[in-house]
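The values are calculated or read from the model by the stated rules, or taken from the named source; none is laboratory data. The structure displayed is predicted, hence computed values, not measured ones. Cβ: placed from backbone, ideal geometry, glycine included. Neighbour counts: every protein chain shown.
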Amino acid sequence: MVSFSDKDAAYLPRHIAIIMDGNGRWAQKRGMLRVKGHQEGANAVITTIETCARLGIKTLSLFAFSSENWKRPPSEVNALMQLLAKALKKQTPILHQNGIKVRVLGDLKALKPSLQESISYTQNLTENNLGLKLNIAINYGGKWDIVQACKKLALKVRDGDLDLERIDEELFNHALVLDEGVDLLIRTGGERRISNFLLWQCAYSEFYVTDLLWPDFNEQALFDAIDYYLSRERRFGMTSEQIKEISNGN
Ligand code: FPP
């Protein structure tokens, strides 16, 4: 079982986000339908959630369905939606028992009413849980998120509830669907793209790409990604010397 030393445990990423790519290729390599790859991908999701919860990671954000994924063949879109609905129903009691707080991020109006109801049920049930915060992005796009935040603030300004001059990065951050910056962004499947995921929130994240296809992503793979993160010096625009002074408490 994967574990970190006490010293490393203090520096684990608080927020891990994952672009789970490669389900289709995983299935095609085995002569199976792409849908089978998504089904296997759902098992990798469960392992990853369990491992993050055990390691004490604060937040895990998963890109399950992007606003662009509607362009896929209708049969694949339907299969993915069914899989998400099924997984949510089956896993909700288990997630709740483990103190996990679930949120679904995205423009949910476009989803089937039955899926919207399941999402509300899961979110309400787990709302007060204090364990891992699990965000599942469905019909989500980073550009959409930024636009919806702009609209929210513009409405307040129009109605006289907000002074234009008060809009700064912090206020804008809170208008987004997720106000927590990502520490570690993982992408499986080898592509080096952000694919419109958490654009604002990833401004200073460390980016780890692995050639592993998502269904093959396991506990060891997550460990390797975190190990990479632990080896990075996060400078946030400062120099290496400044960072060393800060960590020495000067
Ligand atoms: C990208 O692989 C993956 C997706 C579009 C779907 C991700 C969904 C899951 C892992 C299913 C379950 C999710 C939850 C939260 C239970 P791809 O199809 O683009 O792969 P390819 O690049 O090999 O074609």
With Glu68, Glu127 as the choices, which residue is within 28 Å of Trp200 (Cβ to Cβ) and modelled with pLDDT under 95? Glu68
Failed item in (1) assigned to a loop (DSSP other than H, G, I, E, B); (2) touching a helix residue (DSSP H, G or I) at 6+ places or on another chain (Cβ under 8 Å), with Leu115 passing the rest: (1)
Return a yes/no flag: does the range 193-208 have any residue that is touching a helix residue (DSSP H, G or I) at 6+ places or on another chain (Cβ under 7 Å), within 16 Å of the ligand (Cβ to nearest atom) and more than 23 Å from Arg34 (Cα to Cα). yes
Count of the range 14-51 residues which are more than 11 Å from the ligand (Cβ to nearest atom) and polar (S, T, N, Q): 2
For the structure I just gave you, tell me whether Arg54 is away from the ligand (no atom under 11 Å from the Cβ), basic (Lys, Arg) and within 17 Å of the chain's Cα centre (by Cα). no
For the list (1) assigned to a helix (DSSP H, G or I); (2) in contact (Cβ under 8 Å) with a residue 40 or more places away in the chain; (3) over 16 Å from Phe197 (Cα atoms); (4) more than 15 Å from the ligand (Cβ to nearest atom), I need the number of the one condition that Lys151 fails. (2)
Determine whether Leu212 is in contact (Cβ under 8 Å) with a residue 12 or more places away in the chain, touching a helix residue (DSSP H, G or I) at 6+ places or on another chain (Cβ under 9 Å) and in a loop (DSSP other than H, G, I, E, B). yes
From the options Asn98, Asn78, residue that is exposed (fewer than 14 other Cβ atoms within 10 Å of the Cβ) and farther than 21 Å from Val209 by Cβ: Asn78
For a quick check of your reading of the model, give me the residue pairs whose first member lies in the range 122-141 and is surrounded by fewer than 16 Cβ atoms within 10 Å (Cβ to Cβ), whose second is of a type in the set (D, E, K, R) and at pLDDT below 95, with beta-carbon atoms closer than 8 Å and at least 6 apart or on different chains. none
Going through Glu180, Glu170, Glu165 one at a time, which residue ends up being more than 16 Å from the ligand (Cβ to nearest atom), acidic (Asp, Glu) and buried (at least 16 other Cβ atoms within 10 Å of the Cβ)? Glu180
Taking the stated definitions as given, is Ala79 closer than 30 Å to Ala149 by Cα and more than 9 Å from the ligand (Cβ to nearest atom)? no
